[in-house]
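Structure first, then comments.
The values are calculated or read from the model by the stated rules, or taken from the named source; none is laboratory data. Just so it is clear, the model here is predicted, and its values are computed rather than measured. All Cβ positions, glycine included, derive from the backbone under ideal geometry; neighbour counts span all protein chains shown. For the accessible areas, the whole protein counts, side chains as well, though only heavy atoms, and no ligand, DNA or RNA atoms are used. Shrake-Rupley method; radii C 1.70, N 1.55, O 1.52, S 1.80 Å.
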Amino acid sequence: MSEKFSFDQPSWHPNHVFNAGNLTVNMPTFSAAPSRVTFIPYQRNKDFVGREKELAWLNEHLALPNAVVGITAEGGQGKTQLATEFAHLCAANPAAWPGGVQWVSMGDPSSVPSVVAALGVRFGIIGYAMMSLEEQVAAARRVFEGPEPRLLIFDNCEDPALLRSWRPAGGGARILLTSRFSNWKPNQLVRMPLPSLPRSAALRLLLAGRANVLDTSVEALCGDPAADAVCMVLGDHALALYLAGSYLAEKPRYSLKSFSSELAARMLDAPALKVIDPDSPTSYPRHVAETIALSVDLLNPMYEDNEHARSLLHMAAHVAPGEPIPAALLLQALRIDDALLDAAMRRLCAVGLAHNTRDGGVQVHRLVVAYAYAQQHGWRAHSHAECMAAALCDLARTANAAADLAAMQPLLPHIHYAAETAEQRKSSHAGTLFNHLGFYAQKIAEYATAKALYQRALENDELYYGADHPKVARNLNNLGCVLHDLGDLAGARAALEHALAVDEAHFGRNDPELSYELNNLGILLHDLGDLAGAQSYLERALQIDEVAYGPNHPKVAYETNNLGILAQIQGDLDRALDLHQRADAIDRLHYGTEHPRVARDLSSIASVLRAKGRLVEAQERYLQALKINQNYYGPDHPEVATTVNSLGHVAKDLGDPSQAHEHYQRALAIDKRCYGASHPKVARDLLSLGILARGTGNLHMAHMYYEQALTIDQACYGANHPNVSRTLCHMGSLCEMRGELAGAQAYYEQALAIDQRHYGPRHPTVAMLLGNLGGVLHARGVFARAHTCYEQALEIDEASYGFYDARVANDCYNLGVLLTDMQDRYPARAYLERARDIDMRYYGPNHPTLARDLSALGRVVTGLYDLRLAREYLAQALEIDEQFYGPRHPHVAADLNNLGLVVEALGHLTTAHDHYQRALEIDVLHYGDHHPEVAYDLNNLGSVAKELGNLTQARAYLERSLAIFESCLPTDHPKVCKVRDNLAMVETASRAAAPPKRSWWRR
């Protein structure tokens, strides 16, 4: 049935004042003059709220000559209410609308001529009563075409043909129409889709009647959270809120919480929504369900477009109510082509049951969804629900497999809804849907949420399939991975071993399905410090897949790459490089040269090359990987960010802090866009920036970056996770650099406690932290405890990696330097020679780590008074670093400084001065004028200038050195005191004074 209204003239009161938002108008009486006739069949609604923006928009657009504007929305959203409010505002403004306002109801197209003829009576046309109906209509339409601006309102105009038939041919009329039909063409009108009410207005409409009955303010009632819940359940739908508000006003003691629960359970069957209110301001003759049914009845199944539109509506009943539905989901669920889907969506929008979204999907109001759901029964509802769940599983699988977070985001509310309802139905899809949600949560670092979702997936699949099914193993595997992320290594191991046992029982011990658990167990055992166990699992996975797929399959490449990573961790760089190159060859054979798997292999090769000191080659591989990832994913993908971050590391190693900073900032920007500001990948980028800032002397910025990274990691993982420990370690290093040795010790001890709890006392990561703690104890002069830390670190690393690993060499180096400072030079020399021999074997003869060892040996043999051997060692170190880094790198400056000390001791003061001067130039270029490294150079220059007798120059150098140290260190710091003493000796200019404490060896 079409909507019909009474057109009796309402009783108006002269000068009655009404308020609409910020617009206050005086209501005039009808003018009897033909040029100023106003007819609006409805009085203004005293409860009209929430449409101030829409009123302003209408006022702006209808001020244009010949404007035609359409308010479109599904039934009950308040189209006629808005038109009524606007009509009264225009009626109150005769200067703008001298032709008045005339309202034409088009709900029944056959009655439009009678309505127009009835309006003609008001125009005072001479002889009008004697005319035929056709003549009266023609006469009235001539008035519509008059030159003066007038507002014509075509209410419930559902057909473009109606607009074409009744639109004035000319004159000053502007048309405002209301319509459920939304597919108007731009050349027909300017459309204003009417959204649901803003929440604040929805609350006022819901609670105004009850507030009046209870003699209180609406604001007082709005404080009840249940009121917000009612609005949410009703989707802020104007008619539903009006009816619910009337119901609540009649039942003032009925709690909003109970009413919200009743609505959620019964929706359109709730008594409040089945009332037809005789006092409706627009005499609206239907309750909510009847309003929706009017539009549904227009979808005659005899026509194909209508049939597909009905199917679309049925499917919409099984996704998240009121949320935008992506077109890809509808295509997957309906199994129709794009053209048929477009036609179905157009038809659904045309009858006012949905509206288009910006991304090409549709949005169906939650009350329409409730109506569609209520029309389905038994097997049909179950079939539609299962079909939609299956479609969501397929799309989520594709998006997660590609790590496409953007593709998952519009699906998330629907997957959540479908998972909950599938669980209620005990559907086989429930576990899969929860699993996909868990995978997404894990990707965005919501690890606790991911854990809970994986556990629900596990419970559902165990219930449906039994405890020994491969899908249960899949859930256990995923649960184990997220427990690993959360730092629960024991729980992760138990889950992964359980998953492996289930799959072994189902598939046998040599099925490729086992490789997932085997790889994950290998990675886990590495983190547990069991490198042999990790290698055993990874090699077993490789062996299974080589037999199953042959030697050139992508899964073989994946496992070969994992073994390469482990080999690098074990210190076998040559084997690691061979494994990564084999993976690269397989992936190129399978995917071609421009695939992300190839980019992964190139990055792995680059990592090994960087560890071997072949920095330019590493940079080339990373750039190749970056080009592939950018071409494949676009410039703003997380994989691109990871590669760019790695390029930053290489640039830093090459002594190009500006380029490194640019890379790190780009990685940070990408990760923030992809994940938000609180993701562990963002913390990784901030940490990289902090390390770089520390290295360039910007200690304030370094501290800021570290604190931001620490905050993110603590939020993501909790306070006792290894990632938190990592950041604490860097903060300790920063304190150490600033001379805050007590603070550094506290950070290292906190990090050590975390890792000892997490990994146990014999893990390589614990060894690393013992080395750091030993370093700060060494700097504080607590030599005995530092020695204990270094020895424990050496013992752990020897047990973990063997006697010839680079980490063992580093422990020997630390012990050698400590014993040098303890004046125990012969054991120091033995440790340092062992470190040199291991590093020579590990890195080759031209690596900067070997230069570090040679520099330390130069120092210890200087203490043994073998200055010529010391000069030989230090010259070798300088040659290696110049060849590796180039002539203007900070490491070269350190070598020049150390060589200067020895040649000064040999009496070659001018040569020493030249070395110190060159070191100063490099450090100023690299760090700027106010860095502690520059202060070292200035101190040494001041000391040798004094020896050369140039006291003025010596004073200038030492004063600059003191100013730098005092700006970043406490006034009683040993370095400050040493420079101050040297300056005092220059001031006294006493040759008899004690030898100047002129220099530091730099490491």
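Numbers at a glance
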item	result
Residue identified as in contact with an Asp or Glu (Cβ under 9 Å, 6 or more places away or on another chain) and either in contact (Cβ under 8 Å) with a residue 24 or more places away in the chain or surrounded by fewer than 24 Cβ atoms within 10 Å (Cβ to Cβ) (or both) among PRO94, PRO98	PRO98
Residue list for the stretch 832-854, filter: part of a helix (DSSP H, G or I), open to solvent by 10 Å² or more (accessible area, probe 1.4 Å) and touching a residue at least 40 places away in the same chain (Cβ under 8 Å)	TYR842, TYR843, PRO848, THR849, ARG852
Subset of the stretch 486-513 (residues that are within 18 Å of ALA457 (Cα to Cα), within 29 Å of the chain's Cα centre (by Cα) and surrounded by 18 or more Cβ atoms within 10 Å (Cβ to Cβ))	ALA492, ALA495, LEU496
Residue tally, condition of a type in the set (Gly, Ala, Ser) and either within 30 Å of the chain's Cα centre (by Cα) or open to solvent by 50 Å² or more (accessible area, probe 1.4 Å) (or both), over the stretch 514-547	3
Boolean, VAL556 is out of contact with any Phe, Trp or Tyr (no Cβ under 7 Å at 6 or more places or on another chain), open to solvent by less than 50 Å² (accessible area, probe 1.4 Å) and over 30 Å from ASN810 (Cα atoms)	no
Hey, HIS469 touching a residue at least 40 places away in the same chain (Cβ under 8 Å) and not polar (S, T, N, Q) or not	no
Residue within the stretch 603-610 that is under 22 Å from GLN708 (Cβ atoms), aliphatic (A, V, I, L, M), modelled with pLDDT of 95 or more and in a helix (DSSP H, G or I) present	no
Residues that are small (Gly, Ala, Ser) and surrounded by fewer than 18 Cβ atoms within 10 Å (Cβ to Cβ), drawn from the stretch 447-473	ALA448, ALA452, GLY466, ALA467
Residue match in the stretch 806-819 (condition: among the small types (Gly, Ala, Ser), under 27 Å from ALA870 (Cβ atoms) and not in a helix (DSSP H, G or I))	no
Top-ranked residue of the stretch 357-377 - restricted to ones that are at pLDDT below 85 and among the hydroxyl-bearing types (Ser, Thr, Tyr), ranked as farthest from ALA289 (Cα to Cα)	THR357
Subset of the stretch 860-892 that is within 21 Å of ASN814 (Cα to Cα) and open to solvent by 50 Å² or more (accessible area, probe 1.4 Å) - its residue that is modelled with the highest pLDDT	GLN876
So HIS763, is it under 26 Å from ASP713 (Cα atoms), in contact with a Pro (Cβ under 6 Å, 6 or more places away or on another chain) and crowded, with 19+ Cβ neighbours inside 10 Å	no
Residues that are open to solvent by 10 Å² or more (accessible area, probe 1.4 Å) and either touching a residue at least 24 places away in the same chain (Cβ under 8 Å) or over 17 Å from TYR371 (Cα atoms) (or both), drawn from the stretch 257-273	LYS257, SER258, SER260, SER261, ALA264, MET267, LEU268, ASP269, PRO271
Residue in the stretch 652-666 that is under 21 Å from LEU602 (Cα atoms), touching a residue at least 12 places away in the same chain (Cβ under 8 Å) and open to solvent by less than 10 Å² (accessible area, probe 1.4 Å) present	yes
Helices (runs of 4 or more DSSP H) within the stretch 476-560 that include 2 or more residues over 25 Å from LYS681 (Cα atoms) and without any contact (Cβ under 8 Å) to a residue 12 or more places away in the chain	489-507, 531-549
Residue within the stretch 570-586 that is modelled with pLDDT of 95 or more, of a type in the set (Val, Ile, Thr) and open to solvent by less than 70 Å² (accessible area, probe 1.4 Å) present	yes
Set ALA683, ALA709, ALA702, ALA693: member being more than 24 Å from the chain's Cα centre (by Cα), buried (at least 22 other Cβ atoms within 10 Å of the Cβ) and at pLDDT 90 or above	ALA693
Criterion violated by SER110 - all others in (1) touching a residue at least 40 places away in the same chain (Cβ under 8 Å); (2) open to solvent by 30 Å² or more (accessible area, probe 1.4 Å) satisfied	(1)
ILE444 vs. criteria free of Cβ contacts under 8 Å to residues at least 24 places away in the same chain and buried (at least 17 other Cβ atoms within 10 Å of the Cβ)	no
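Listed here are the residues, each with its yes/no results for (1) within 23 Å of LEU734 (Cα to Cα); (2) modelled with pLDDT under 90; (3) open to solvent by less than 40 Å² (accessible area, probe 1.4 Å); (4) in contact with a Leu (Cβ under 6 Å, 6 or more places away or on another chain).
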site: GLU947; (1), (2), (3), (4): no, yes, no, yes
site: GLN953; (1), (2), (3), (4): no, no, no, no
site: GLU959; (1), (2), (3), (4): no, no, no, no
site: PHE965; (1), (2), (3), (4): yes, yes, yes, no
site: HIS973; (1), (2), (3), (4): yes, yes, yes, no
site: ARG1002; (1), (2), (3), (4): yes, yes, yes, no
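Yes/no per residue for (1) at pLDDT 75 or above; (2) in a helix (DSSP H, G or I); (3) open to solvent by 50 Å² or more (accessible area, probe 1.4 Å); (4) assigned by the TED database to the domain that holds GLY76:
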site: THR282; (1), (2), (3), (4): no, no, no, no
site: ARG286; (1), (2), (3), (4): no, no, no, no
site: ILE292; (1), (2), (3), (4): no, yes, no, no
site: ASP305; (1), (2), (3), (4): yes, yes, yes, no
site: LEU312; (1), (2), (3), (4): yes, yes, no, no
site: VAL319; (1), (2), (3), (4): yes, no, no, no
site: LEU329; (1), (2), (3), (4): yes, yes, no, no
